[in-house]
1. Which pairs have Cβ atoms under 6 Å, sit 6 or more apart or on different chains, and link a residue in segment 299-321 that is closer than 17 Å to residue 101 by Cβ to one that is at pLDDT below 95 and assigned to a loop (DSSP other than H, G, I, E, B)?
2. Could you grab the pairs with beta carbons closer than 6 Å, sequence gap of 6+ or different chains, first residue in segment 197-218 and at pLDDT below 95, second one surrounded by 24 or more Cβ atoms within 10 Å (Cβ to Cβ)?
3. Out of 332, 357, report the one residue that is modelled with pLDDT of 95 or more, surrounded by 14 or more Cβ atoms within 10 Å (Cβ to Cβ) and assigned to a strand (DSSP E or B).
4. Among the helices (runs of 4 or more DSSP H) contained in segment 1-120, which hold 1 or more residues that are free of Cβ contacts under 8 Å to residues at least 12 places away in the same chain and in contact with a helix residue (DSSP H, G or I) (Cβ under 8 Å, 6 or more places away or on another chain)?
5. Does residue 177 meet the test of being touching a helix residue (DSSP H, G or I) at 6+ places or on another chain (Cβ under 8 Å), assigned to a helix (DSSP H, G or I) and crowded, with 17+ Cβ neighbours inside 10 Å?
6. Do we find that residue 427 is buried (at least 22 other Cβ atoms within 10 Å of the Cβ), out of contact with any strand residue (DSSP E or B) (no Cβ under 8 Å at 6 or more places or on another chain), without any contact (Cβ under 8 Å) to a residue 60 or more places away in the chain and assigned to a helix (DSSP H, G or I) in this structure?
7. Among the residues of segment 223-270, which ones are in a strand (DSSP E or B) and touching a helix residue (DSSP H, G or I) at 6+ places or on another chain (Cβ under 8 Å)?
8. For residue 183, are the conditions met, namely being farther than 22 Å from residue 283 by Cβ, crowded, with 17+ Cβ neighbours inside 10 Å and under 20 Å from the mean Cα position of the chain (by Cα)?
């Protein structure tokens, strides 16, 4: 074991992980004039919202749709970074029984009205939710919906919406979380795709953090937490084969409570919190299928959500808005599927095959597709570190240690936008703590 070297610079904050939450909180802290170090174990930024190159295609690893007019955009604006996004129009459509349905104008009534006489009643429940009338926490989305309709297509639509936003099935996601997102926070939002792959956005934000004096280290895994007298004092990390002890006034983790609790030094959180951190989150899985075709499969530039399928929940043709992601003459797609169960153990091969069969059934042209990658996002690298409705607090037993990311989201939130929200709230907690110290 190499000797630990004391890093000569002390920071206001060390952030563990350069995912969406980690870079968001770092951006806000450097915008406030604080000295920040972000330590990332991988050789790229963005975490599960990043990109890679495969055979000349820019392939997104996880997240693709980034919300406009949101906390995300606000975070970038704090460092004078323009959000490099192209908005598809329409942003969201549904493909049901072979027909494309654009719900931009008709909303829930238009979407459900063709399948159930209870559409108005279901719509009224969305209005009730906006007024604060939400179902009990234990009721699943499927149980809630079953009170109003047994229609298989309607149930399939709701299942695939649960899958698309929360990476969970409707019999796993609390109805309260579903309604909070779709009724209270507002469904069918504006979003865009980055023409350089989602990692392009994070590279832009990382450059801006560095311009403001912040540091972002790649290939620098954190090896231990340093905690003394009930306060975090920094971390040990490995950089270029050397173990460095980095001192900081505050520490923020973007690797999730579970992974944080497994780091040496985390025992200082106490047994009760370690148990909560390792058993409380419910990681949600999905399957990301990237492929390309010479012939276009369908005519819609945004995200397409499906009706009745085995596992597939939605698909996007990225080259409809961002042709430079693929070599000339190719249409590039990303399809998302959610396994049964999404919050428990499942057979990778069987779930992948069910997802591919959905694509074969829906799109005959898929038979000639060039497969780019199939990623099963699960376990330590899941679609979401905790399913909506099962998030842990951002605070910990230590007064100067917090979590950001998708295991500590606001209730009923999902996606990359939720990670940016955690960055905003934890940045405020950090600045308040630094001011009080």
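1. Pairs found: 302/90; 302/91.
2. Listed by first residue and then by second, the contacts come to nothing, as the list is empty.
3. Working: 357 fails: assigned to a strand (DSSP E or B).
None of the others qualify; the one that does is 332.
4. Values: elements: 20-31, 71-78, 107-113.
The qualifying helices (runs of 4 or more DSSP H) are 107-113.
5. yes
6. no
7. Restricting attention to segment 223-270, the residues satisfying the condition of being in a strand (DSSP E or B) are 223-228, 231-239, 242-253.
Result: 225, 227, 249, 250, 252, 253.
8. Values: farther than 22 Å from residue 283 by Cβ: yes; crowded, with 17+ Cβ neighbours inside 10 Å: yes; under 20 Å from the mean Cα position of the chain (by Cα): yes.
Taking the combined requirement at face value, the residue satisfies it.
The values are calculated or read from the model by the stated rules, or taken from the named source; none is laboratory data. If you're wondering where the values come from, they're calculated on a predicted model, not measured in any experiment. No Cβ is skipped: glycine too gets one built from the backbone with ideal geometry, and neighbour counts run over all protein chains shown.
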